[in-house]
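Heads up: the structure comes next, in structure tokens.
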Amino acid sequence: MAVPGGNEGRPEYRLAERIRQVAPSATLAISAKAKKMKAEGIDVIGFGAGEPDFDTPAHIKAAAVAALNAGDTKYLARKGAALVDLIARKLSEENNLAYDKAQILVSNGAKHSIYNIIQAVCGDGDEVLIPSPYWVSYPEMVRLAGATPVSIETNAETGFKVSPAQLDAAIGPKTRLFIFNSPSNPTGAVYEPDEVRALADVLARHRLLTISDEIYEHLLYDGAKFLSMAAARPAMKDLTVTINGHSKTYAMTGWRIGYAAGPEPIISAARKLQDHSTSDPVSFAIAGAAAALEASQEERERMRAEFDARRRYMVERFQKMKGVRLVPPRGAFYAFPDVSAHYGQKLSGMDVKDSLSFAEACLTGARVAVVPGGPFGADGCVRFSYAADMASIREGLDRFEMWLAGS
Ligand SMILES: Cc1ncc(COP(=O)(O)O)c(C=O)c1O
């Protein structure tokens, strides 16, 4: 667009420095290629899904439909206050955390909740500690706030968990925030209650604000126990923003319902940002979300049990595969095997040197789509989601195993 008075010779527009700092999704190239192959009629088995393959339970859908039919189509959702009450009840009964209404903010998915909180508390010069491997969006959200993400490295030997000593050593004068995620995407690691308490002791000593992303709270296996960071020690209640949402627990990813609960000044700041940017979530999605918390939690358990059966099958298969090393996941719905023993080889005629080239070769040669671990901070690994039906998992792992064996 030419500007009167002349901007000739200059770029027509300039992107903000803020957005130029942010990496595009490196996993997108693989999913785009898998999609293209599928469109060409090639039967690709996908292990990329970050969402339950189940449909949203019928009673939740019915509540949203009823809300629509009753005219719940305005800015202020009729069920808005009821949902906040139900979230407060959930946090009290399941997490032993007492929050009042002003301490809870419902947003358009947990991703939005985390974004709002980071924007509310971080800025230029701040550092944010993130255990690695991490969910891909954390570092990018930190950069969008002008702050710097700082990884705390973990590996298979430590079960992909940060130790209290490591955390203590990583905290410096510029550290503003710690982002904790258990059960973890992508590793499936779960911190046991004693381990959460040990980290809480360090955080409380440094008075370090923490985001505890508890979105996979209900997807636990092998007797793993959950403890909310905010409930781990009395001092942590005022130092933690608890994040949760309906996407994973109730198979409601497209509904976009998440929430943050924490100290009132932080929640009010996040609310201000939300009021000026997106406003509240969709009115009838709020009605569905309220129904999910109000009704029996049987469906939730049924889905968990199904994920567990798939997980056990996958662990068993990976343990028998050549050059594949897996820390058995105990939560969420991902397996994150180390496949770096195959780097430096030629697979499907392609030079495999990192997780991205491994995933590309696997897609071409085995017709199996996996997610490269590099963008999660672990280039030796690839992520397999088990949010897929058992027959596809079986077939996909057969193909994967044969492909590796033939290489
Ligand atoms: C660790 C983690 N946190 C948060 C989210 C965001 O979930 P949503 O925005 O759908 O509530 C995801 C989704 O993949 C996730 O894996």
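The values are calculated or read from the model by the stated rules, or taken from the named source; none is laboratory data. This one's a predicted model, so the numbers in the text were calculated from it and none came from an experiment. FYI the Cβ positions are ideal-geometry reconstructions off the backbone, even for glycines, and counts take in every protein chain you see.
Hey, among Ala230, Ala289, Ala269, which residue is buried (at least 22 other Cβ atoms within 10 Å of the Cβ) and either more than 15 Å from the ligand (Cβ to nearest atom) or under 15 Å from Ser92 (Cα atoms) (or both)?
On the way: Ala289 fails: either more than 15 Å from the ligand (Cβ to nearest atom) or under 15 Å from Ser92 (Cα atoms) (or both); Ala269 fails: buried (at least 22 other Cβ atoms within 10 Å of the Cβ).
Answer to the selection: Ala230.
Mind listing whichever residues of region 147-187 are at pLDDT below 95 and either among the small types (Gly, Ala, Ser) or not assigned by TED's automatic domain parsing to the domain that holds Thr240 (or both)?
Passing the criteria: only Ala156.
Being in a strand (DSSP E or B) and either within 16 Å of the ligand (Cβ to nearest atom) or aromatic (Phe, Trp, Tyr) (or both) is the filter here; which residues of region 328-352 pass it? Show your work before the answer.
The initial filter retains those residues of region 328-352 that are in a strand (DSSP E or B), namely 331, 334-335, 338, 346-347, 350-351.
Those that are in a strand (DSSP E or B) and either within 16 Å of the ligand (Cβ to nearest atom) or aromatic (Phe, Trp, Tyr) (or both): Gly331, Tyr334, Ala335.
Being in contact (Cβ under 8 Å) with a residue 24 or more places away in the chain and not hydroxyl-bearing (Ser, Thr, Tyr): is that true of Ala58 here?
In short, no.
Just one of the numbered conditions (1) within 20 Å of Glu93 (Cβ to Cβ); (2) of a type in the set (D, E, K, R); (3) away from the ligand (no atom under 16 Å from the Cβ) is not true of Arg302; which one?
Among (1) within 20 Å of Glu93 (Cβ to Cβ); (2) of a type in the set (D, E, K, R); (3) away from the ligand (no atom under 16 Å from the Cβ), the lone unmet condition for Arg302 is (1).
Does Gly258 satisfy the criteria of being within 14 Å of Ile104 (Cβ to Cβ), touching a strand residue (DSSP E or B) at 6+ places or on another chain (Cβ under 7 Å), within 13 Å of the ligand (Cβ to nearest atom) and modelled with pLDDT of 95 or more?
yes
From the list Val315, Val282, which residue is β-branched (Val, Ile, Thr) and under 21 Å from His218 (Cβ atoms)?
Val315
Determine whether region 75-92 contains at least one residue that is surrounded by fewer than 15 Cβ atoms within 10 Å (Cβ to Cβ), under 22 Å from Ala232 (Cβ atoms) and in contact (Cβ under 8 Å) with a residue 60 or more places away in the chain.
Yes, because at least one residue in region 75-92 is surrounded by fewer than 15 Cβ atoms within 10 Å (Cβ to Cβ), under 22 Å from Ala232 (Cβ atoms) and in contact (Cβ under 8 Å) with a residue 60 or more places away in the chain.
Specify the residue that is modelled with the lowest pLDDT; the eligible residues are those in region 338-378 that are of a type in the set (Val, Ile, Thr) and more than 24 Å from the chain's Cα centre (by Cα).
Restricting to residues being of a type in the set (Val, Ile, Thr) and more than 24 Å from the chain's Cα centre (by Cα), the top hit is Thr364.
Residue by residue, here is whether (1) among the β-branched types (Val, Ile, Thr); (2) within 23 Å of Tyr115 (Cα to Cα); (3) without any contact (Cβ under 8 Å) to a residue 40 or more places away in the chain holds:
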residue: Val128; (1), (2), (3): yes, yes, no
residue: Val136; (1), (2), (3): yes, yes, no
residue: Ile152; (1), (2), (3): yes, yes, yes
residue: Ser182; (1), (2), (3): no, yes, no
residue: Glu192; (1), (2), (3): no, no, yes
residue: Arg197; (1), (2), (3): no, no, yes
residue: Leu203; (1), (2), (3): no, yes, yes
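For the condition in contact (Cβ under 8 Å) with a residue 24 or more places away in the chain and under 25 Å from Asn155 (Cβ atoms), what is the one hit in Ala292, Ala405, Ala378, Ala388?
Answer to the selection: Ala378.
Output the helices (runs of 4 or more DSSP H) that fall wholly within region 11-116 and possess 2 or more residues being within 16 Å of the ligand (Cβ to nearest atom) and under 18 Å from Ala291 (Cα atoms), or say none.
80-95
Condition first: over 18 Å from Ala88 (Cβ atoms) and of a type outside the set (D, E, K, R). Now tell me which residues in region 251-264 satisfy that.
Keep residues of region 251-264 that are over 18 Å from Ala88 (Cβ atoms), which gives 251-256.
Answer for region 251-264, where residues must be over 18 Å from Ala88 (Cβ atoms) and of a type outside the set (D, E, K, R): Ala251, Met252, Thr253, Gly254, Trp255.
For (1) charged (D, E, K, R); (2) touching a helix residue (DSSP H, G or I) at 6+ places or on another chain (Cβ under 8 Å); (3) without any contact (Cβ under 8 Å) to a residue 24 or more places away in the chain, each residue gets a yes or a no:
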residue	(1), (2), (3)
Thr210	no, yes, no
Tyr216	no, no, no
Tyr221	no, yes, no
Ser228	no, yes, no
Ala231	no, yes, no
Val241	no, yes, no
Gly245	no, yes, no
Lys248	yes, no, no
Arg256	yes, yes, no
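Would you mind stating whether Val128 is away from the ligand (no atom under 12 Å from the Cβ), surrounded by 23 or more Cβ atoms within 10 Å (Cβ to Cβ) and assigned to a loop (DSSP other than H, G, I, E, B)?
Criteria not met by Val128.
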